[in-house]
Each structure stands twice: as structure tokens, then as C-alpha cells.
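The values are calculated or read from the model by the stated rules, or taken from the named source; none is laboratory data. Not measured: the values here are computed from a predicted model. Note that each Cβ is placed from the backbone with ideal geometry, even for glycine, and that neighbours are counted across all protein chains shown. Surface areas here come from the heavy atoms of the whole protein model, side chains and all, with no ligands, DNA or RNA. Shrake-Rupley method; radii C 1.70, N 1.55, O 1.52, S 1.80 Å.
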Amino acid sequence: MIHVVVALDCEARPLIDRFDLRTASIDDGFRVHDGESLRLIVSGVGKVSSAAATAYLQALGGGGAAAPAAWLNVGVAGHARAEVGVAMLAHRIVDAGSGRAFYPVFTSTPACETTSVHTVDAPRRDYPADAACDMEASGFFATATRFATAEMVHSLKVISDNPATPASDLSPRRATALIEDRLDVVERVVADLAELAGDARRASAPPPGFEEIARRFRLSLTQRRRLERVLRRVHALDRGGELGEGLIDGCRDGAAALRALESLVRD
Amino acid sequence: MFDFVYLEEAASDHPRACALLSRYPDARVVPCERFGEVFNRRAQNFRLQKRRPALIVAAKHGNLVLDAPPGHGIGHARNYYFSHMLNCVYDCRYCFLQGMYRSAHLVVFVNFEDFHAAIRERSEEGEGDACFFSGYDCDSLALEPLTGFAESFVEMFAALPASVCLELRTKSVQIGRLLERDAASNCIVAFSLLPAELASLEPGVPSLSRRLDAARRLLERGWPVGVRFDPLIHCDDAERVYGRFFDTVFRTLPGAALHSVSVGPFRLPLDFHRRMEELHSGDALFVRGLEERDRTVSYRSDLAEPLLAFATEAILEHVPRERLFAAT
């Protein structure tokens, strides 16, 4: 599942159309749109809103250890030197308020140019040197990396203004058009993230037999972790076949079942 | 080779950093205040990063030379280690670095002159001979064309008393710069070796025959050469596999000509093992025959001791006892 966080409806519209998303909720403080493998939330402007929306999306489900999500922030941004319409992935995000820096990690050649992004608290007329300027990325990234590793969290900015084309000229319709024009890049980034999320999902999928045994005994969270670990070991040793041979049939509770499984690994 | 180079502020004006950057004109250079902001962050996945690691260019401040862990020595009275790099270009399945670091990025510390000064200072402070190990947190030679590490440090050690030694430990065959200069009698080039049957555990590492050839060429040029059979990895028919392996090694490298040989079992600190087992979920290497003792994970003694005894005996057929060391 790819979780996409955008600030404004006008930025979300092209994504909703391209990825064929349906409106899932509008009444709980955020507007959420759902698709087969992508879920989008409209956060509102600012890093606090972006952080809150990111946490809200995580709480909605679709993340968690069983199905780790990748995260993408999409939006328009200003830039001192880049031309309007250029798509850029953040390779460094600096929260202008705190000075704290974050570093998204690329595990393949990026789908487009990359840049530093400075997240500011209020619109500014000046631009930071050689960096994009937005109002959401730091809040998004700091929150999303609580739920996923930095390889699976990225921020994609389409340049909407620069000293020659000031932000005061930017209308919602223009923002929509800018995102729409770079949907090819958005799709490539989403595809890269989907591949990573798929790999992560396969790596963290519960081992065969886990659900069945966990259902059979009432296990605590710690015991579930132990079960997952010992089952991975059982399968690593190619002894999964012995699980069906009555190994845990006589066990009265989860602790006894875990002991039986752990003895299988020790033998 | 690198799409991204992170450049630490303190290193940004260093000539060695500038030289490194000039090797990668197409890389995207990302400034950072301290390398730990990138390297030590939580929420990183070592395996995912290993697909395309970045280079971090930094300067090391403080703790430049440390006491070597107990059991890490080749007969010197004093043992130290230092790391001009963190992490390795190779991806050996059994390597503890993936349990130690969250990030797979390669860190190069460019302030060699500060390491030189710290080494000189430590070499003068105690009694007896001393060895400085350079390949504990990285491969000493694998990135030699990029870093010029050996070129710089061999030159420095060559000017120190003969009782102060440097060990360059490697799985690479990057010996060109060593062959270009006279051998330094206090600089030991130590090759880590594993049987060819276990090469799948060392993706990207030059073949055993290429490493043996590199070691032979250095020996012929008068360099002190060591071999490190560490870790010994259990496998099916281990004694036959290792028996043939030792024959191959000592047929190419006469045991009597070697500076030192060390041998040690597969072992990992408990925390590292836990992290590595998670990273390689389902890999029998991290399960089969292992047990925990004193927060260390290693083979059960009924597996470890016979293989270690076999290896020791086989090595001693070729190597004088005083040049064989146990790595623990």
C-alpha cells in the first residue's frame, strides 16, 4: 500500500483521477481517497497539518508490520533557481523552524532531479539558496518515518514559483495543472515505492503456520513475537513439515506450544 | 558507483574530500552538518540500503584509535584498531557490520593526518611491540583506488619503529599501489579467506584463486602476508571442504613464508545476531547449530570444537605453531 499525503484538494485532484481513487471519508477531519494499492489524504497547509494527516492515515490501517506501507508527499514548492514545472524529489529536508534535517534514502536511481527542501512555517517572498521551499515536508517525513524506514518515505515537489514567477501568481487551477503535467514522474516514484513496499511485505509476512497456531492458543504479544521467531527458525531449517506431525497437539497452552517448537529448533 | 555523496560540513574543504568528489562528477552532493545525522538515524533498513549505498565523506573527531577487543591479536604486546572507513563494499552474509550499523552507506573519514597523529601518540605511550588493525569496521584495501588509504598509512608506518605494525585486512585484490612501492616490513597484508564452496556467502568478493594470487604476488615482492580463516563456517562435509581448502591455500602460499595465520569460529554478539537474523529471515546460517552463551551467539561446542581442532591441526601441518593465532 502506498500512502500519499498532499496539502490541497487542487494538488490531489490529478492524483485522484490518475490512480482512480474513490472518496473514502470526508467527515473525520481529513478527506481520504482510496484505491486498490494507494490511499491519499488531503492534509491542509502546514507541517503540523501534514504530520497529523500522516498519523491519521497510519491509524486508518493498511500499515503495520504485516503490511508495511510506503509513503509519498506530493505538492508544489518554490525554488530559487529551478524552472517552474520541474519535478524534484527531496534528498534533504530541513525544518526551518527547528533547523532539524532529515535525509530520505534512495535505493535506486531517483526518477527525477533531487533537491534540498526547506519547510517553512509561513509563506515567504524570499527563497533559500539552491533549495525548494514548502510548508509540509518536514512534518510529513518526521511522522512517516515513525511507521516506515527512510527508504520508503519520499517527498516529491513540482516547482510552482521562483523569483521570476512569484507565488502570488499561483492559482489552484495552476497548481492542478503543474501536478498533472508531472504525473509521469509521480507514477515512476509510486512504482519504485510499490516495489520496495512489496519486498518489505514479503520479508515481514508471518511464517507459514503462524496464524493457525496463534489462533489455537491465546498468546500474549510477547508470545506472538516468540512464535513468529521460532517458526522462522523452523522453516529456515527445513523442518516446517514436522509442524503437522502432532508436535503441539498435546500442548495445554501457548507457553507449552512455544517450548515444543523451540525444542524442535534446538535438536 | 555512487548516486549520492553526503558531505559533512567539517570535511567539505579537506583536499581529500575534494579529490573524492572529483571522482564522482555526476553524483548528487548532499551537505550534512554531522555524518551521524545520515548514518546513525533510526528508521533505516540495512538490506534496502545495500542495494545502492551512498558515500558519506566526513571527518572523524575523537576516539580515532581504540584498544582492540580481547582475542583480536597476532602476537603483539599491544593491540589497537582504527577505522578510516565504516562499512564495506562487499555484502558478506556473515559479516557483523550489518548487525552493528543501521545504515549500509559507506563512510570515509578523510582526515588521515589526525589518524596519523593519534597512531604515533598511542605507539609511544606503552611498552612492548604494538599492532594497529585497520580492517575492523571496513575492508582495508577494497576502495584503495578511491581513498588512497594504504598508500598514505604504509608511508607513515614505514617511518615508525619496526616494532609498531599495521595490519591491512582485506578480501579484495586491490594491491596495485602496494606493488608499486618497496615492501614495508611492519605492514602486514592479511587476506580473509573462505572455501570456494562457500563463495555464495560472499557476493561480490573476488574469487579465492584471485585472492590467493594477489597474496602470492605480495609475498614474492617481500611484503609480510597473513591469512585469516575467520570465521570458520559450518557446512555439509565441513572437514572435507576445509581440508581441500587448506591444501589449496598452502599450495599457493607456503605456510613457512607467511607472517601470521589466524583462525576463529563464527560468532556474533547477541544483539548483532538478532538484528542479522531479522534482516535475513529464513536463512539457516543464523540458526543451524547455533546457541547463545554469555551474550554471544556461536556454534554449539559439539560442532565448533571438532571443526576448530581439525582446522588447527591442518594449518599446523603447514605453519609454524608460533605464527598461528586463535581469534576469539
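Of all residues being free of Cβ contacts under 8 Å to residues at least 60 places away in the same chain and touching a Cys at 6+ places or on another chain (Cβ under 9 Å) in region B:9-38, which is nearest to A:Ala101 (Cα to Cα)? Just the residue, please. By that ranking, first place goes to B:Glu9.
Restricting region A:1-16 to residues that are part of a loop (DSSP other than H, G, I, E, B) and under 10 Å from A:Gly75 (Cα atoms) leaves a set whose member that is least open to solvent (accessible area, probe 1.4 Å) is A:Ala7. Looking across region B:284-300 at every residue that is away from chain A (no Cβ under 14 Å) and open to solvent by less than 60 Å² (accessible area, probe 1.4 Å), the one that is nearest to B:Asp236 (Cα to Cα) is identified as B:Ser298.
Considering B:Leu308, B:Leu324, B:Leu268, the condition of being buried (at least 20 other Cβ atoms within 10 Å of the Cβ) and farther than 29 Å from A:Arg225 by Cβ is satisfied by B:Leu324 alone.
There is no residue in region B:126-142 that is assigned to a helix (DSSP H, G or I) and either on the phi < 0 side of the Ramachandran plot or crowded, with 19+ Cβ neighbours inside 10 Å (or both). Counting only strands (runs of 3 or more DSSP E) that fall entirely inside region B:225-328 and contain at least 3 residues that are within 22 Å of B:Ala196 (Cα to Cα) and touching an Asp or Glu at 6+ places or on another chain (Cβ under 7 Å), the qualifying elements are B:260-265. In region A:166-184, which residues are at pLDDT 95 or above and not in a helix (DSSP H, G or I)? Those that are at pLDDT 95 or above and not in a helix (DSSP H, G or I): A:Ser171, A:Arg182. Residue-level check: of (1) surrounded by fewer than 13 Cβ atoms within 10 Å (Cβ to Cβ); (2) under 29 Å from the mean Cα position of the chain (by Cα), A:Ser168 misses just (2).
Looking at region B:1-96, the helices (runs of 4 or more DSSP H) lying wholly inside it that each contain 1 or more residues that are within 14 Å of chain A (Cβ to nearest Cβ) and surrounded by 17 or more Cβ atoms within 10 Å (Cβ to Cβ) sit at B:36-39, B:46-50.
Is it true that A:Leu89 is away from chain B (no Cβ under 14 Å) and not basic (Lys, Arg)? So A:Leu89 does not fit the description; no. Only one entry of A:Thr149, A:Thr109, A:Thr143 meets the criterion of being touching a helix residue (DSSP H, G or I) at 6+ places or on another chain (Cβ under 9 Å) and at the interface with chain B (Cβ under 9 Å from one of its Cβ atoms), and that entry is A:Thr149. When restricted to residues that are facing chain B (nearest Cβ under 10 Å) and either of a type in the set (Phe, Trp, Tyr) or free of Cβ contacts under 8 Å to residues at least 40 places away in the same chain (or both), region A:203-229 contains 4.
Evaluation of A:Pro163 against the conditions (1) more than 14 Å from chain B (Cβ to nearest Cβ); (2) open to solvent by less than 20 Å² (accessible area, probe 1.4 Å); (3) in contact with a Phe, Trp or Tyr (Cβ under 7 Å, 6 or more places away or on another chain) shows that the sole unmet condition is (2).
Taking region A:17-57 as the range and being assigned to a helix (DSSP H, G or I), open to solvent by less than 10 Å² (accessible area, probe 1.4 Å) and modelled with pLDDT of 95 or more as the test, the residues that pass are A:Ser50, A:Ala53, A:Thr54.
Residues of region A:118-160 that are aliphatic (A, V, I, L, M), surrounded by fewer than 20 Cβ atoms within 10 Å (Cβ to Cβ) and under 13 Å from the mean Cα position of the chain (by Cα): none at all.
When we screen B:Ala199, B:Ala214, B:Ala184, B:Ala190 for residues that are in a strand (DSSP E or B) and not basic (Lys, Arg), the only hit is B:Ala190.
Within region A:230-267, being part of a helix (DSSP H, G or I), within 13 Å of chain B (Cβ to nearest Cβ) and of a type in the set (Asp, Glu) holds for one residue alone: A:Glu262.
Of the listed requirements (1) more than 11 Å from chain B (Cβ to nearest Cβ); (2) at pLDDT 95 or above; (3) buried (at least 17 other Cβ atoms within 10 Å of the Cβ), A:Thr115 misses just one: (1).
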